[in-house]
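Since the structure comes first, as C-alpha cells, the remarks are kept for the end.
The values are calculated or read from the model by the stated rules, or taken from the named source; none is laboratory data. What you see is a predicted model, and the numbers here were worked out from it, not measured in a lab. Please note: Cβ atoms are built from the backbone with ideal geometry, for glycine as well, and neighbour counts cover all protein chains shown.
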Amino acid sequence: MRFIGGVIEKLQRHPKRLVFPEGAEPRVLQAARQFYSLRLGAPILLGDRNRIRETATVLKISLEGIRIVNPAESDELDNFTRRFEVLQRYKGMKGFEAREAMLQPNYFAAMMLAMHQADGFVAGANQTTAGVLRPLFQIIKMAPQTATASSCMVMEVEDSRFGEDGVLFMADCGVIEDPTVEQLSDIAVSTAQFARHLLGIRPRVALLSFSTKGSLQHPSAGKVEAATALAEKKALEKKLEADFEGELQADAALVPEIAARKLPDSKLAGRANVLIFPDLNSGNIASKMVRHIARANAYGQILLGLDRPAADVSRGSSAHDILGVAAIVGVQSVDYAKLYPGAGEKLPGDDLNP
C-alpha cells in the first residue's frame, strides 16, 4: 500500500472522471464506491440502470456520487454514432453497424474518452483483453510521435530491496505477442517514460533474456541486445534521463550479489526498476507468477502509447486492484501531455479526408 497510497494522495489533489464500462460487475461497483469515497473523482458506470441498482442494493453499496449511463438511452448515442461512422478508417461503414457498435459499453466508453467526456477508461474485469483493446484501438489514436502501443504491469512487492522501494514496472505483459527490435525498443522507452512520470524516479531499465551479455548465443538474445541499443538512442532523442541495459537474465537484473559476479561493471544490473520482456509469453507468465507466488499488489495492464489514458484489468482482479488501476489512470490524466506532448488535442472526426 505504500505505492498506491502515494498515487491516491496525488489524485485527491486533482480529481478526475473515470468511465467503467462494466457497471454492474460487483468488483467494479465496489471500486467505484471507493473511488468516490476517497475523493478521487467522479466514477461513471455504463450499463442498464436497473441492473446496476439491483446489484448495488444486494451489495449494500451507495450510488451517491456515482453517475450511471445506459448507452441505449443516452442523448449522446446519435452523436457518438456519427463520430464513429466518419472515422477515416471506418469510412463507408453503414449507420446501423456504427450504432450497434456504440450500443456496446466498451465502444461507448472509448468514445466518451475520445470526446473528453471522461478523463480515463478502466475495463476488463469480466472481459477478454481483445474485447477491451479492440474498441480502444479503433477509436483512440496513437499518441503523438508514438509508433507502438503496449502495456505495463506495476508490481508492488513486500521486499523493498527490489525495484524502486519494492515497486517494479513490467512490460509488455498484455499487447504485443512477439515484438520486433523496433517495437521492443519502443516498449522499453515508453515504460521508462511511464515510470518516471508516475514516480518521478530515474528509470533503470533491464531488457530481459535467458542470456546475460552473450553468455548464450541465440537470435532472440541478439534481438534484445539490438533493442537495447536502439532504446538508448531513442531515449537520448527524447531527452529522457534513464539507464538501459540488455540482454540480462532476470537474476542479474534484480539481485546485486549475482549481478556483481556476472556484470561487475554494470551501471544498473541488480538494481533494475523497469523490466522489459522479450515477448508476451514471458511477460504475461512472469507477471502472474509474481502476483500470486510473491503475493504482490498488481496494478495493470496500464496501456501505453495511446492518445488518452486507459487500462485493461485482469479478469482475476479484486476490487482493490481495480481501484488501484483507476487511481493510476487518473493520475496519468492529470498531466498526460507531459507523458505524451500534444496528446488529447484532436477529436474523432478530425481524421476525415477532405
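Side notes on the structure shown:
- Within region 329-352, residues that are farther than 23 Å from Ala42 by Cα reach partners that are β-branched (Val, Ile, Thr) and at pLDDT 70 or above with beta carbons closer than 7 Å, at six or more positions or on different chains, in the pairs Tyr340/Thr146; Pro348/Ile139; Gly349/Val86; Leu352/Val86.
- Any hit, region 216-225, residues being in the same structural domain as Gln183 (by TED's automatic domain parsing), under 25 Å from the mean Cα position of the chain (by Cα) and touching a residue at least 40 places away in the same chain (Cβ under 8 Å): yes
- Some residue of region 310-324 being on the phi < 0 side of the Ramachandran plot, charged (D, E, K, R) and out of contact with any Phe, Trp or Tyr (no Cβ under 8 Å at 6 or more places or on another chain): yes
- Residue within region 60-70 that is among the basic types (Lys, Arg) and within 16 Å of Glu22 (Cα to Cα) present: yes
- Residues (among the charged types (D, E, K, R), in contact with a Pro (Cβ under 9 Å, 6 or more places away or on another chain) and modelled with pLDDT under 95) located in region 242-270: Glu247
- Val331 fulfils the conditions (1) part of a loop (DSSP other than H, G, I, E, B); (2) at pLDDT 95 or above except for a single criterion, (1).
- Filtered residues of region 136-173 (kept if closer than 17 Å to Gly120 by Cβ and in a loop (DSSP other than H, G, I, E, B)): Ile140, Lys141, Ala143, Ala149
- Residues in region 86-129 that are touching a Ser or Thr at 6+ places or on another chain (Cβ under 7 Å) and either modelled with pLDDT of 95 or more or crowded, with 24+ Cβ neighbours inside 10 Å (or both): Met102, Asp119, Gly120, Gly124, Ala125.
- Residue in region 42-56 that is surrounded by fewer than 21 Cβ atoms within 10 Å (Cβ to Cβ), part of a strand (DSSP E or B), of a type in the set (A, V, I, L, M, F, W, C) and not assigned by TED's automatic domain parsing to the domain that holds Ile201 present: yes
- All of (1) surrounded by fewer than 18 Cβ atoms within 10 Å (Cβ to Cβ); (2) within 14 Å of Met153 (Cα to Cα) hold for Lys267 with one exception: (2).
- Filtered residues of region 6-31 (kept if over 18 Å from the mean Cα position of the chain (by Cα) and hydrophobic (A, V, I, L, M, F, W, C)): Ala24, Leu29
- Selection count where residues are under 14 Å from Pro21 (Cβ atoms) and assigned to a helix (DSSP H, G or I), scope region 71-86: 3
- Checklist (1) surrounded by 17 or more Cβ atoms within 10 Å (Cβ to Cβ); (2) closer than 27 Å to Val334 by Cα applied to Lys239, failing item: (1)
- Residue in region 5-20 that is surrounded by the most Cβ atoms within 10 Å (Cβ to Cβ), counting only those that are under 26 Å from Ile52 (Cα atoms) and among the basic types (Lys, Arg): Lys16
- Taking the criterion of being buried (at least 17 other Cβ atoms within 10 Å of the Cβ), modelled with pLDDT of 90 or more and either outside any loop (DSSP other than H, G, I, E, B) or of a type in the set (Lys, Arg) (or both), the residues of region 199-224 that qualify are Leu199, Arg204, Val205, Ala206, Leu207, Leu208, Lys223, Val224.
- Residue selected from region 318-332 under the condition of a type outside the set (A, V, I, L, M, F, W, C) and buried (at least 24 other Cβ atoms within 10 Å of the Cβ), by the criterion nearest to Gln183 (Cα to Cα): Gln332
- Some residue of region 16-35 being more than 20 Å from Ala123 (Cβ to Cβ), polar (S, T, N, Q) and part of a helix (DSSP H, G or I): no
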